[in-house]
Amino acid sequence: MKPVIGITANYSTDETIGLKSELGVRGQEWQILAHDYIHAVEQAGGTPVILPLTQSTDSLHRILSLLDGILFSGGSDIDPQHYGELPRYGLGSLDSHRDQHELMLVKKALDEMDIPVLGICRGFQLMNVARGGTLYQDLRLEKPDGMNHALKGAPKYHPVHTVSIREGSKLRGIFGQESIGVNSFNHQGIKKLGEGFEVTMSAPDGLTEGIEMVGERFVVAVQWHPEMMVEHDPMYQALFKRFVLECQKEGI
């Protein structure tokens, strides 16, 4: 049986999403998800299920009980008050509704459930914040000696820099190489690492690009977007295949 994997949705109050696509009318709010996530999970052998934002995670109790794994997807910046900071110049758009919902959900997934968890971009940062970590609110201003990580003009599948992968880590086992090329669309990153995580993937300027929970449980997160790269290079599908395999074990 294919494992059931929940993928968190984005939330937007931008009515033009519906107006431009002719799928809606004025005044509507939207819960949306890029197809790349769904495609990557399905191609890896999983059954993707989009998890909506709700007022309480209790509303998702029945769905969560059926899941074999959760993928926390990308999106807007996390409000810095959740990691004890005031907003600084360079901070991007915020979504308090999504922050509140997903912080409850990720804490539940990490602390109350025993299923595999994968985080991508915002999901990577969310997992870190949920465990007491902090973020650079804007790399260009707070880490000016580093490289440009916000290359939004590049093709989504194009590797623009390399990352080193720590020997003995889950990510090293997945990719089987000491370094790989990755895409890069983030203007934020991990500053202080959250409790219980270890850094297992790093950019040339030292920015953290991948983390894993200490121990045997599969809780892995990356700053970059492997789901955007799978169609152009099957190597990147390895992360999703391993994730789905771990979820399969959970469902047995």
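The values are calculated or read from the model by the stated rules, or taken from the named source; none is laboratory data. This one's a predicted model, so the numbers in the text were calculated from it and none came from an experiment. Cβ coordinates were reconstructed from backbone atoms using ideal geometry, including for glycine residues, and neighbour counts include every protein chain displayed. Quick note on the areas: whole protein, heavy atoms, side chains included, nothing else; ligands and nucleic acids left out. Shrake-Rupley method; radii C 1.70, N 1.55, O 1.52, S 1.80 Å.
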Leading residue by the ranking (farthest from residue 119 (Cα to Cα)) among those in the range 194-232 that are charged (D, E, K, R) and either open to solvent by less than 40 Å² (accessible area, probe 1.4 Å) or at pLDDT 95 or above (or both): 205
Matching residues, the range 58-83, being over 23 Å from residue 217 (Cα atoms) and of a type in the set (Gly, Ala, Ser): 59, 75, 76
Search result, residues across the range 16-48 that are acidic (Asp, Glu) and touching a Ser or Thr at 6+ places or on another chain (Cβ under 9 Å): 29
Residue among 57, 47 that alone is at pLDDT below 95 and among the polar types (S, T, N, Q): 57
Within the range 159-172, considering residues that are touching a residue at least 60 places away in the same chain (Cβ under 8 Å) and open to solvent by 10 Å² or more (accessible area, probe 1.4 Å), the one farthest from residue 226 (Cα to Cα): 170
Evaluation of residue 247 against (1) touching a strand residue (DSSP E or B) at 6+ places or on another chain (Cβ under 8 Å); (2) under 17 Å from residue 46 (Cβ atoms); (3) of a type in the set (A, V, I, L, M, F, W, C); (4) assigned to a loop (DSSP other than H, G, I, E, B) (one fails), failing number: (4)
Residue list for the range 130-150, filter: crowded, with 23+ Cβ neighbours inside 10 Å and either of a type in the set (Val, Ile, Thr) or part of a loop (DSSP other than H, G, I, E, B) (or both): 137, 149
